[in-house]
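These notes are about the structure you will find just below.
No lab work stands behind these numbers, since they all come straight from the coordinates. Keep in mind the model is a prediction, meaning the values are calculated, not measured. Positions of Cβ are generated from backbone atoms using ideal geometry, with glycine treated the same way; all protein chains shown enter the neighbour counts.
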Amino acid sequence: MNENSEVAADNVRSTGFVDFAQVMFGASAFKDAGIMNVTDTYRGQILTRDDELKTAILKDLDFKELANEVLAASLASALGLPVPPAYIGVTEPGNPCASRAIIQDGRGLMFASVNVNSPSVASLVKRPDDNDTMMLLKPIVEELAKQPWLGELYGFDAWVANVDRNIGNLLFATGTGIWIIDHGRCFTGPAWTQADLVATGRYRNRLGEWVTPILPRAECKRLADEAAALAIRLRGFDAREADGGQIVINLIGPSDFEALSSFLSERVPHIPRAAAEALNESRIA
């Protein structure tokens with residue numbers, strides 16, 4: 001158990017967007033077609049506080065990566081970005097799914113994202129030849145460019161230093177919509193230290209690698225402007241008041257949470273520059 005963790009399974013409470021739910025026995029290993037899962041992932045059922053059974057994608061994560069998922073999903077939802085409903089799944093003793101974030105009496109915590117029945121972009125386009133992949137990505141990126149939130153997504157990933165918005169971390173389907181998932185590698189990575197959280201830092205923005213090259217130049221400028229507008233919305237932001245803040249404190253400890261809060265506040269003025277760089281636009285920090 002993480003020595004900083006103070007989570008008690010019998011005293012959990014709602015964190016706003018991210019709530020707690022019971023992980024039912026019987027989950028099975030899950031692998032998205034076309035990509036290699038980095039973490040142990042399962043598909044199973046969770047029981048919510050309202051006694052609703054929901055099918056969810058369950059991730060077995062260390063405390064810090066779990067905290068990343070919780071906070072980033074909460075922040076993205078608050079900004080109106082399309083994030084599937086999320087829960088912290090509490091497992092019972094003997095449930096083999098959870099092995100990394102063990103709390104008390106053999107119970108564990110998992111990140112649970114409600115299954116929205118949309119395939120990942122990776123499963124739709126990944127081919128052995130990179131040229132084929134880029135050709136298949138073109139209509140998907142064109143559809144993405146029509147979404148009113150794409151500029152803010154560039155800004156959001158720049159803000160939270162999400163270094164892994166790859167083609168497996170965006171779900172795309174005509175009937176069930178477009179969703180952003182997998183935020184365990186926000187805040188510079190899954191096992192960040194306080195020294196990694198540099199507000200002026202230049203961090204990898206994966207959207208710049210597979211979305212930007214397909215966008216027309218005029219679209220890049222428009223999206224950079226929208227990302228810059230996000231920075232205005234976030235002026236005065238305080239992570240201490242964010243939904244999910246208390247559970248994140250419990251997962252990673254007050255010292256790391258304070259460093260993370262400071263990073264997010266100090267990072268806001270650098271969003272326009274960081275997002276513009278991912279869009280091949282020039283902006284002054």
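Tabulated values for the structure
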quantity: Hits in region 150-164 - residues which are assigned to a loop (DSSP other than H, G, I, E, B), in contact with a Phe, Trp or Tyr (Cβ under 9 Å, 6 or more places away or on another chain) and either free of Cβ contacts under 8 Å to residues at least 60 places away in the same chain or closer than 19 Å to Arg222 by Cβ (or both); calculated: Val163
quantity: Looking only at region 235-269, and only at residues there that are surrounded by fewer than 18 Cβ atoms within 10 Å (Cβ to Cβ) and basic (Lys, Arg), the one that is nearest to Phe17 (Cα to Cα); calculated: Arg240
quantity: Number of positions in region 86-105 that are of a type outside the set (Phe, Trp, Tyr) and surrounded by 17 or more Cβ atoms within 10 Å (Cβ to Cβ); calculated: 12
quantity: Residue in region 209-223 that is in contact (Cβ under 8 Å) with a residue 60 or more places away in the chain and among the small types (Gly, Ala, Ser) present; calculated: no
quantity: Test: residue in region 128-145 that is within 30 Å of Asp256 (Cα to Cα), in a loop (DSSP other than H, G, I, E, B) and over 15 Å from the mean Cα position of the chain (by Cα); calculated: no
quantity: Of all residues making up region 167-205, the number that are touching a residue at least 60 places away in the same chain (Cβ under 8 Å) and polar (S, T, N, Q); calculated: 4
